[in-house]
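Right, one structure below, let's go through it.
The values are calculated or read from the model by the stated rules, or taken from the named source; none is laboratory data. Keep in mind the model is a prediction, meaning the values are calculated, not measured. Note that each Cβ is placed from the backbone with ideal geometry, even for glycine, and that neighbours are counted across all protein chains shown. Ligands, DNA and RNA are stripped out before the accessible areas are found, and what is left, the full protein with its side chains, is counted by its heavy atoms. Shrake-Rupley method; radii C 1.70, N 1.55, O 1.52, S 1.80 Å.
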Amino acid sequence: MSKHFSFLFIFSFPVFFSYGQTADGKLQFAQGQRFEVTMQVKSTIAQQAMGQAIDFNIDATGIHSYHVTNSTEDNTTLKHQMDRIIISFDGMGQKKKLDTNEEKDMNSQFGKPLKDLLDRKYDMIIDNYGKTLMVVPEKFNTEETDSRMAIITSMMKDISQLVLPPAKGKASFFQVLPGKPAGVGDAWTETSENTDGKFETAYAIREINDSVIVIEFAATSVTVTKAEMMGNETTTTMNNKSTGKIILDRSTGIIREKLINTESTGNTEAPFGTI
């Protein structure tokens, strides 16, 4: 199985300007601000199963929002919610489009997992550099997924990742810089491990000008996912390589745009064979 996808964040907010050639990573929020995050994923998936090629093309968009409910000198409280999901799927001889703004889609067999994501709201408190101090609720109960919904659930995973509350003491969506003064050419690496796999990302600041900070990154990961297919448990192991660029607002330190290109290869092992 091979997969290639492009992932784009578009972050909408008022723009201010500042000067200097170093960045300290400190974030600037204002009471009452509302930020909209548009996550767009374009995926091409090529699979080989029992000697046959099975290809998919997927376009997905998730629209999230953060509302600043309290801002002090030491920390900021934000409320997160997911506002809209749009998915277009072309593969296995069928085409499908889902939109949470369409009543007919919400009343269809696919409506429940879509509604579950829209209903997941949380409040988080972050420090001046974006590290998570508190989240309410800390996590959501995971319901057993209908195996017939596996394809749709997989498509939503990349655009709905912000629905999961960040862990206390870990970086929130807003923390990008390392939390100390940094200039052009400075680099750092972050590693993490969770139930999905192991991840390593290397960052480097490529440009600082009057309006933006440009960061390039390269990441590798190995992910293992267990699911059910036709009543049988499957295990999918993927080796992932990503490259991308992040653009931060110079004066506020808040992300404007993030672009990721990922190539993944691996296998799905099941009792009836290997994909």
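A search for C-beta distances below 7 Å between a residue of segment 27-54 that is closer than 26 Å to Asp158 by Cβ and of a type in the set (D, E, K, R) and any residue that is in a strand (DSSP E or B) and modelled with pLDDT of 95 or more, counting only pairs 6+ apart in sequence or on different chains, returns Arg34/Ser65; Arg34/His67; Glu36/Ile63; Glu36/Ser65. Scoring Gln109 on the criteria (1) open to solvent by 60 Å² or more (accessible area, probe 1.4 Å); (2) modelled with pLDDT under 95; (3) not in a loop (DSSP other than H, G, I, E, B) leaves a single failure, condition (3).
Does Glu73 fit the bill of being under 21 Å from Leu177 (Cβ atoms) and open to solvent by 50 Å² or more (accessible area, probe 1.4 Å)? Criteria met by Glu73.
Taken over segment 133-177, residues that are at pLDDT 90 or above and either on the phi > 0 side of the Ramachandran plot or part of a helix (DSSP H, G or I) (or both) amount to 3.
Find the residue count for segment 173-227, including only residues that are among the hydroxyl-bearing types (Ser, Thr, Tyr) and in contact (Cβ under 8 Å) with a residue 60 or more places away in the chain. Give the steps one after another, and end with the answer.
Step one: list which residues in segment 173-227 are among the hydroxyl-bearing types (Ser, Thr, Tyr), which gives 189, 191-192, 195, 201, 203, 211, 220-221, 223, 225.
Filter once more, keeping what is in contact (Cβ under 8 Å) with a residue 60 or more places away in the chain: 211.
Residues meeting the conditions: 1.
Tell me which residues, restricted to segment 234-253, are surrounded by 18 or more Cβ atoms within 10 Å (Cβ to Cβ), out of contact with any Gly (no Cβ under 7 Å at 6 or more places or on another chain) and in a loop (DSSP other than H, G, I, E, B). Across segment 234-253, the qualifying residues are Arg250, Thr252.
Filtering segment 255-275 to residues that are of a type in the set (A, V, I, L, M, F, W, C) and either free of Cβ contacts under 8 Å to residues at least 60 places away in the same chain or crowded, with 19+ Cβ neighbours inside 10 Å (or both) leaves Ile255, Ala270, Phe272.
Do you know which residues across segment 86-104 are surrounded by 14 or more Cβ atoms within 10 Å (Cβ to Cβ) and out of contact with any helix residue (DSSP H, G or I) (no Cβ under 6 Å at 6 or more places or on another chain)?
If we filter segment 86-104 for residues that are surrounded by 14 or more Cβ atoms within 10 Å (Cβ to Cβ), which is where we start, we get 86-91, 96, 98-100.
Of everything in segment 86-104, those that are surrounded by 14 or more Cβ atoms within 10 Å (Cβ to Cβ) and out of contact with any helix residue (DSSP H, G or I) (no Cβ under 6 Å at 6 or more places or on another chain) turn out to be Ile86, Ser88, Phe89, Asp90, Gly91, Lys96.
Per the listing Lys79, Lys115, Lys97, the residue uniquely under 29 Å from Gly32 (Cβ atoms) and free of Cβ contacts under 8 Å to residues at least 24 places away in the same chain is Lys115.
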